[in-house]
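Enquirer: Take this structure first; my questions come after.
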């Protein structure tokens, strides 16, 4: 049986969603973050970096969300959840969004989170300075970059409706975490296609089973 090593407030919800979509049997081991929002040392016994998500499948240990999605779809998908290689445009889109999620979008979202937390974690004496620096970086760099990415994603979804040709695909699974994280950063009123996509995701029966099993995706507050 596949074992999911699930860290709260992390990317591993999407791995469980994929297992539900594939109809695979699995078990979940839940890990709690410490007061500094770090993963517990117990995760290092599963993988040396102590990060989540991680799965074990027999004697195999697979880490990194993209690698896990690729592994599960290729090994257990039987052609499901991804376009056929002959569908060139859809197949290229699928591969692109599968890597875009962590390679392009998540670094910006993570930096946005970090800079929103710096003033809160700074000593009171320097908090006004930290707040000013964080606000300047977000205003001059992070927000314009995120706006550009949101426009890009909106245009794609308005045209295609999903990220991998078929719905839901492995690329949709991979994109689910940053897309849900976007909800906590800004209003999506200017992005009707993104809003419709998120409503479609959250109403998916397999996603609802994930919520029933491990609870909602409770992300850190901005």
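The values are calculated or read from the model by the stated rules, or taken from the named source; none is laboratory data. Keep in mind that this is a model prediction, so the values were computed, not measured. A quick note on method: Cβ atoms are made from the backbone with ideal geometry, for glycine too, and the neighbour counts reach across all protein chains shown.
Enquirer: What number goes with the only condition from (1) surrounded by fewer than 18 Cβ atoms within 10 Å (Cβ to Cβ); (2) part of a helix (DSSP H, G or I); (3) in contact with a strand residue (DSSP E or B) (Cβ under 9 Å, 6 or more places away or on another chain) that residue 30 does not pass?
Expert: (2)
Enquirer: Follow-up question, since we're still on this one. Considering (1) within 25 Å of residue 215 (Cβ to Cβ); (2) outside any helix (DSSP H, G or I); (3) at pLDDT 90 or above, say which one residue 21 fails and leave the rest.
Expert: The one condition residue 21 does not meet is (2).
Enquirer: With the requirement that a residue be under 15 Å from the mean Cα position of the chain (by Cα) and either surrounded by fewer than 24 Cβ atoms within 10 Å (Cβ to Cβ) or in a loop (DSSP other than H, G, I, E, B) (or both), what does the range 165-174 give you?
Expert: Passing the criteria: 168, 169.
Enquirer: So, in the range 67-115, exactly how many residues are without any contact (Cβ under 8 Å) to a residue 40 or more places away in the chain and at positive phi?
Expert: Number of matching residues: 2.
Enquirer: Check every one of the helices (runs of 4 or more DSSP H) wholly within the range 64-164 and list those with 1 or more residues that are within 17 Å of the chain's Cα centre (by Cα). Break it down into steps so the answer makes sense when it comes.
Expert: Values: elements: 65-76, 88-100, 106-121, 127-137, 143-160.
The qualifying helices (runs of 4 or more DSSP H) are 65-76, 88-100, 106-121, 143-160.
Enquirer: Is it true that residue 47 is surrounded by 12 or more Cβ atoms within 10 Å (Cβ to Cβ), more than 22 Å from residue 169 (Cβ to Cβ) and either outside the structural domain of residue 184 (by TED's automatic domain parsing) or touching a residue at least 12 places away in the same chain (Cβ under 8 Å) (or both)?
Expert: Values: surrounded by 12 or more Cβ atoms within 10 Å (Cβ to Cβ): yes; more than 22 Å from residue 169 (Cβ to Cβ): yes; either outside the structural domain of residue 184 (by TED's automatic domain parsing) or touching a residue at least 12 places away in the same chain (Cβ under 8 Å) (or both): yes.
Answer is yes for this residue.
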